[in-house]
Amino acid sequence: MNILMFAHGGSLNRGCEAIVRSSTNILKEKISGAKVYLASGKPETDQIITKLDGIYDSSGCQIKKYSYDWFLSSIKFKLFNDESFGIRKSENNTIKHIKNADICLSIGGDNYCYGDQPGLYEIDRAIKEQGKKLVLWGCSIGKEDMTDRTLNDLKLFDLILARETLTYNMLLEKGLTNVKLCADPAFTMEKEELPLPIGWKENKTVGLNFSPLVWKRNKDSQVSVKELIKHIINTTDFTIALTPHVIAEGNNDYEVLYKYFLEFKDTKRVIILPDNLNAIQYKGYIARMRFFIGARTHATIAAYSSHVPTMVLGYSVKSKGISKDLFGEEKFVLNLAELSDSEKLNATFDQLLTEESEMINKLKLSIPHIKGKSYKAVEYLYEIAEEG
């Protein structure tokens, strides 16, 4: 079975890397003879994932001005308001590989959380026109993200695998019948333990991840997080390990975190992890932390899956849904507006310390079940493959 994964922007987002890496592992583990190929917007960043059978460049194609395709695209758009021809030409680096696949997995996870996606819609239509199986793999979608175009696109899929119950229930409410519940594949990802850096205190290190996305959407959160760092320094003897998880240009956690490092480095209580580690190496550090505070979903998944009590900054539907599936409620998940309130952040961290043992015990009980749901996704995929 040839499986093509697409809708992947590259592995400088270590969460995207975690999805590709863990998905490849569980697909090959559970489906004998499976070959897994990746269409990537930045293929050079994915060479670290060695179990892939091939990596293709899926970056957008430019239509040459005044070419036949350019004229045809312009006419279709101007006369019929039809952009599909031009979009399909621009997505040809993905579309040209469909013919070699048996199943195509749209793996972006939260790609549908950022407005209409005409490029994805055209790829999906091309897949179905060629008679291939189309699967949305481990997605999260908010009710506010569901436009008519998105809903019509989702109806094309042979299978939609929602990675948490909030998305699953919402899709059922929208009338979709091709939906199954699973869990994010990254819960199953392995870890690699590198030597601990200078300044790390064993069993007394708190991880802190913060992102430019949250920073930009709530400017006051910059100050609140700084106050939280002060609070941890003043009320505990913990070291704080600033932990980047996305290092892409224009969306680089390291740049945000380094400003905090410069401000607090003289305390000898704040360290920063390098910006060149891969997903399993970051997980190797996160797994050895006492607590974790994170804005990036897959950084928090690395913590949860290692039984590390975790506080989530600036929730989305995926953060809310994942927490609900783990704990039966949204546990230590702060919404974007709450990040302006430094007293709220400090009090939530204090509560995390108080409930440490309870959180660890709950994670030890729930993580095996969640990993089972990650593997269940492969079973569902295999079932539709067997339908022919």
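The values are calculated or read from the model by the stated rules, or taken from the named source; none is laboratory data. Note that the structure is predicted; figures quoted are calculated from it, not measured. A quick note on method: Cβ atoms are made from the backbone with ideal geometry, for glycine too, and the neighbour counts reach across all protein chains shown.
Answer yes or no as to whether GLU44 is in contact with a helix residue (DSSP H, G or I) (Cβ under 9 Å, 6 or more places away or on another chain), of a type outside the set (Val, Ile, Thr) and either within 18 Å of VAL378 (Cα to Cα) or part of a helix (DSSP H, G or I) (or both). No: the conditions fail for GLU44. Taking the criterion of being modelled with pLDDT under 95, more than 30 Å from GLY131 (Cβ to Cβ) and not in a helix (DSSP H, G or I), the residues of the range 335-388 that qualify are ASN335, LEU336, ASP341. If you take the residues in the range 343-374 that are buried (at least 16 other Cβ atoms within 10 Å of the Cβ) and small (Gly, Ala, Ser), which one is farthest from THR235 (Cα to Cα)? This residue is SER374. Tell me, please, whether a residue that is of a type in the set (A, V, I, L, M), assigned to a helix (DSSP H, G or I) and closer than 18 Å to PHE187 by Cβ can be found in the range 268-281. Within the range 268-281 (the criterion being of a type in the set (A, V, I, L, M), assigned to a helix (DSSP H, G or I) and closer than 18 Å to PHE187 by Cβ), the answer is yes, since at least one residue qualifies.
Residues of the range 169-227 that are among the hydroxyl-bearing types (Ser, Thr, Tyr) and free of Cβ contacts under 8 Å to residues at least 60 places away in the same chain: THR177 alone. The C-beta contact set for the range 108-128 (first residue assigned by TED's automatic domain parsing to the domain that holds ILE98, second residue surrounded by fewer than 17 Cβ atoms within 10 Å (Cβ to Cβ) and not in a loop (DSSP other than H, G, I, E, B), distance under 7 angstrom, 6+ apart or interchain) comprises ASP116/ARG149; TYR121/ARG149; GLU122/SER84.
Just so you know, in the range 306-334 the residues that are on the phi < 0 side of the Ramachandran plot and aromatic (Phe, Trp, Tyr) include one that is modelled with the lowest pLDDT, and it is TYR315. In this entry, SER211 passes the filter for residues that are buried (at least 16 other Cβ atoms within 10 Å of the Cβ), in contact with an Asp or Glu (Cβ under 7 Å, 6 or more places away or on another chain) and of a type outside the set (A, V, I, L, M, F, W, C).
Might you check whether a residue that is more than 25 Å from ARG217 (Cα to Cα), in contact (Cβ under 8 Å) with a residue 60 or more places away in the chain and out of contact with any Asp or Glu (no Cβ under 8 Å at 6 or more places or on another chain) occurs anywhere in the range 310-317?
no
Determine whether ALA303 is without any contact (Cβ under 8 Å) to a residue 12 or more places away in the chain and outside any loop (DSSP other than H, G, I, E, B). For ALA303, the condition - without any contact (Cβ under 8 Å) to a residue 12 or more places away in the chain and outside any loop (DSSP other than H, G, I, E, B) - is not met.
Of everything listed in (1) within 25 Å of ASN25 (Cα to Cα); (2) free of Cβ contacts under 8 Å to residues at least 40 places away in the same chain, the single unmet condition for ALA377 is (2).
Counting the residues of the range 260-280 that are surrounded by 14 or more Cβ atoms within 10 Å (Cβ to Cβ) and either among the β-branched types (Val, Ile, Thr) or in contact with a helix residue (DSSP H, G or I) (Cβ under 9 Å, 6 or more places away or on another chain) (or both) gives 12.
Kindly check whether there is at least one residue in the range 154-162 that is surrounded by 18 or more Cβ atoms within 10 Å (Cβ to Cβ), of a type in the set (A, V, I, L, M), at pLDDT below 95 and closer than 19 Å to ILE3 by Cα.
Checking the range 154-162: not a single residue is surrounded by 18 or more Cβ atoms within 10 Å (Cβ to Cβ), of a type in the set (A, V, I, L, M), at pLDDT below 95 and closer than 19 Å to ILE3 by Cα.
Taking the range 3-26 as the range and being of a type in the set (Val, Ile, Thr) and surrounded by fewer than 24 Cβ atoms within 10 Å (Cβ to Cβ) as the test, the residues that pass are THR24, ILE26.
Quick check on the range 374-382. Is at least one of its residues of a type in the set (Gly, Ala, Ser) and assigned by TED's automatic domain parsing to the domain that holds THR236? Scanning the range 374-382, I find no residue that is of a type in the set (Gly, Ala, Ser) and assigned by TED's automatic domain parsing to the domain that holds THR236, so the answer is no. Taken over the range 306-334, the criterion of being part of a helix (DSSP H, G or I) and of a type in the set (S, T, N, Q) is satisfied by SER319, SER323.
Taking ASP220, is it modelled with pLDDT under 95 and among the acidic types (Asp, Glu)? When the stated conditions are applied, ASP220 passes them. With respect to the conditions (1) in the same structural domain as LYS344 (by TED's automatic domain parsing); (2) modelled with pLDDT of 95 or more; (3) not small (Gly, Ala, Ser), LEU196 lacks only one, and its number is (1).
How many residues does the range 318-343 contain that are of a type in the set (A, V, I, L, M, F, W, C), within 19 Å of ASN218 (Cα to Cα) and out of contact with any strand residue (DSSP E or B) (no Cβ under 7 Å at 6 or more places or on another chain)?
Matching residues across the range 318-343 total 2.
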